[in-house]
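Here's the structure, in structure tokens; my notes come after.
Just so it is clear, none of the values below were taken in a lab; they were calculated from the coordinates. In this text, all values refer to a predicted model and were calculated from it rather than measured experimentally. For neighbour counting, all protein chains shown are included, and Cβ atoms are generated from backbone atoms with ideal geometry for every residue, glycine included.
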There are 2 protein chains.
Amino acid sequence: MLKLTRKVEYALIALRHMQNKEPDAISSTKEISEMYDIPLELLAKTLQLMARGGIVNAVQGPTGGYKIKAKLENINMIEFFEKIEGPLGLMDCYFDSDCTLISACNIRSPIKKINDNMRSMFENMTVGEITQ
Amino acid sequence: MLKLTRKVEYALIALRHMQNKEPDAISSTKEISEMYDIPLELLAKTLQLMARGGIVNAVQGPTGGYKIKAKLENINMIEFFEKIEGPLGLMDCYFDSDCTLISACNIRSPIKKINDNMRSMFENMTVGEITQ
DNA sequence: TGTTAATCCGATCAAATTGGTCGTATAAAT
DNA sequence: ATTTATACGACCAATTTGATCGGATTAACA
Ligand code: FES
Ligand code: FES
């Protein structure tokens with residue numbers, strides 16, 4: 001409960017890795033995968049998600065790889081999580097209203113309170129400050 | 001990712017239900033289960049966990065059930081979550097150090113930052129203020 | 001005192017989510 | 001052309017969570 005997924009962890013590792021290099025240096029999936037002992041395919045997927053989300057640039061072909069594209073200080077953690085894992089909410093009833101409890105539920109507004117607090121906490125946290 | 005479990009939801013529902021009654025009124029598992037359409041056995045387990053954790057009192061026998069024991073304003077959400085779901089951490093490496101990434105991981109301290117922020121947020125939130 | 005209705009508890013099964021793999025297509029450097 | 005790497009979808013495995021079952025224990029009440 002309330003755990004981050006591996007994909008998020010791998011994404012952060014990769015970003016931090018790239019941040020410690022020259023701004024335009026390219027890091028291949030393989031390089032990162034080996035250095036941190038991460039399954040290559042899964043890391044590849046994660047990097048692709050970040051590329052699609054405009055966080056990194058993909059460079060194809062041999063000598064290819066990824067480099068950071070966005071200003072990491074401008075990306076808050078909610079955006080980051082959602083690019084990688086999709087919509088974020090403590091309970092399904094926030095993005096998917098077929099919650100069977102919905103009719104009788106007496107804690108929708110309480111849960112909303114917790115949810116809002118959590119979101120605003122992550123909104124005030126940028127990827128840049130986490131990985132730097 | 002970052003979701004609450006059903007058990008936590010059921011626990012909150014039950015507490016809120018009891019809070020709307022006379023202080024010493026007893027609510028049976030069945031009563032709550034039917035009113036909110038919650039699987040009886042699972043709700044029972046959850047109530048048992050709360051009883052063991054000193055949050056509610058169990059009254060056995062026919063006409064038995066549960067009533068609130070603790071001052072809900074004195075229980076913070078971390079304590080609450082941990083009574084019901086056990087140790088809480090964004091990554092396993094916090095309570096269980098056999099994380100295979102541990103040797104090479106470059107984001108332990110970043111993750112720790114997020115984790116600490118989240119914990120302190122939940123520590124400053126009491127069950128009482130959520131369910132009231 | 002026997003019956004009944006409730007909690008208690010562990011074991012176990014099912015469903016959902018997450019983690020990881022595979023095969024193939026595509027792009028680019030040499 | 002060949003090689004090396006990303007791109008991408010389909011797929012399988014492992015873990016976690018959700019739910020169920022069977023039986024033991026407790027206490028109210030006829
Ligand atoms: S139905 Fe979503 S919190 Fe109860
Ligand atoms: S090993 Fe725990 S955050 Fe990387």
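Within segment A:36-88, the trypsin sites (Lys or Arg not before Pro) that combine a DSSP coil assignment with at most 13 other C-beta atoms in a 10 angstrom radius are A:Lys71. Put simply, the amide H of A:Lys3, placed in the peptide plane, has neighbours under 5 Å in B:Leu2, B:Lys3, leaving out anything fewer than 5 places away on its chain. In chain B, the longest principal axis of the Cα atoms and the axis of helix B:40-52 are about 80 degrees apart. Remark: label point of B:Pro23 defined 7 Å out from Cα along the Cα-Cβ vector; separations to the same position in other copies 6.6 nm, ascending. Taking a straight line from the alpha carbon of B:Lys21, these aspartates and glutamates sit under 18 Å away, with near neighbours fewer than eight places off in the same chain left out: B:Glu31, B:Glu34, B:Glu73, B:Glu129. In terms of overall dimensions, the protein assembly as shown has a Cα radius of gyration and Dmax of 21.9, 74 angstrom. Please work out the C-alpha center-to-center distance from segment B:1-80 to segment A:1-49 and express it in whole Å. Taking the Cα centre of each part, segment B:1-80 and segment A:1-49 sit 42 Å apart.
Only Cα sites of chain A enter the Debye sum here, all with the same form factor; the resulting log10 I(q)/I(0) across q = 0.13, 0.18, 0.20, 0.22 1/Å is -0.61, -0.96, -1.12, -1.29, listed in q order.
Taking the longest Cα principal axis of chain B as reference, the axis of helix B:108-123 is set at about 20 degrees. Expressed as a whole percent, the proportion of Cα-Cα pairs in segment B:1-70 lying more than 14 Å apart is 54%. Pairs over the 25 Å Cα-Cα cut-off, from the set A:Lys3/A:Lys45; A:Lys7/B:Lys3; A:Lys67/B:Lys3; A:Lys7/B:Lys83; B:Lys7/B:Lys67: A:Lys67/B:Lys3; A:Lys7/B:Lys83. Distances between placed amide hydrogens fall under 5 Å for B:Ile75 paired with B:Val127, B:Gly128, all partners being 5 or more residues away or on another chain. Between copies, the label points of B:Gly64, set 7 Å from Cα on the Cα→Cβ line, lie 6.6 nm apart, reported in increasing order to one decimal in nanometres. For B:Glu31 and B:Lys112, the FRET efficiency from 1/(1 + (r/R0)^6), where r spans their Cβ atoms and R0 equals 30 Å, is about 0.10. Label point of B:Ser120 (7 Å along Cα→beta-carbon): distances to the other copies' equivalent points are 1.7 nm, sorted ascending.
Rounded to the nearest 500, what is the 222 nm mean residue ellipticity of chain A from helices alone, with -39500 (n - 2.57) per DSSP H run of 4+ residues and division by all residues? Intermediate results must be reported in sequence, preceding the final value.
Numbers: 6 runs with 65 residues, N = 132.
Rounded to the nearest 500, it is -15000 deg cm²/dmol.
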